[in-house]
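One structure below.
The values are calculated or read from the model by the stated rules, or taken from the named source; none is laboratory data. Keep in mind it's a predicted model, so treat the numbers as computed, not measured. Positions of Cβ are generated from backbone atoms using ideal geometry, with glycine treated the same way; all protein chains shown enter the neighbour counts. Heavy atoms of the whole protein, side chains included, go into the accessibility calculation; ligands, DNA and RNA do not. Shrake-Rupley method; radii C 1.70, N 1.55, O 1.52, S 1.80 Å.
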Amino acid sequence: EVSISELGLGYESDETVLFRYCSGTCEAAVRSYDLSLKSMRSRRRIKKEKVRARPCCRPLAYDDDVSFLDAYNRYYTVNELSAKECGCV
């Protein structure tokens with residue numbers, strides 16, 4: 001549970017939300033694409049690109065939108081904030 005202000009989205013509010021996030025490794029989800037990309041990077045066929053040669057754990061679905069009042073009594077709604085389902089992408 002964190003305050004809206006702690007989310008780093010630029011809102012000032014003491015209201016709190018339950019922030020669910022994704023973490024973990026995705027080694028079991030490695031595909032041919034990932035193996036080929038890793039090989040191309042190691043052979044320097046792809047130079048100075050900031051690409052990852054493995055899948056990462058990211059939200060596949062999100063909880064409901066979050067609505068709150070800021071410190072100035074303005075009403076806001078933020079979507080796609082808290083992870084509902086995670087997976088390797």
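If you check LEU37 against the conditions, is it under 21 Å from the mean Cα position of the chain (by Cα) and surrounded by 10 or more Cβ atoms within 10 Å (Cβ to Cβ)?
Considered against the rule, which asks whether it is under 21 Å from the mean Cα position of the chain (by Cα) and surrounded by 10 or more Cβ atoms within 10 Å (Cβ to Cβ), LEU37 comes out as no.
Screening ALA53 with (1) in contact with a helix residue (DSSP H, G or I) (Cβ under 7 Å, 6 or more places away or on another chain); (2) surrounded by fewer than 12 Cβ atoms within 10 Å (Cβ to Cβ); (3) of a type in the set (A, V, I, L, M, F, W, C) gives one miss only, at (2).
When ARG74, ARG31 are checked against the criterion of being loosely packed, with under 14 Cβ neighbours inside 10 Å and modelled with pLDDT of 95 or more, a single residue qualifies: ARG74.
Listed here are the residues, each with its yes/no results for (1) of a type in the set (A, V, I, L, M); (2) assigned to a strand (DSSP E or B).
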residue	(1), (2)
LEU9	yes, no
PHE19	no, no
ALA28	yes, no
TYR33	no, no
SER36	no, no
ARG41	no, no
ALA53	yes, no
LEU60	yes, yes
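Please tell me if GLU12 is at pLDDT 95 or above, touching a helix residue (DSSP H, G or I) at 6+ places or on another chain (Cβ under 7 Å) and open to solvent by 70 Å² or more (accessible area, probe 1.4 Å).
yes
Those residues that are farther than 26 Å from ALA29 by Cβ, open to solvent by 30 Å² or more (accessible area, probe 1.4 Å) and touching a residue at least 12 places away in the same chain (Cβ under 8 Å), I need them from the stretch 56-71; list them, please. The answer is ASP65, LEU69, ALA71.
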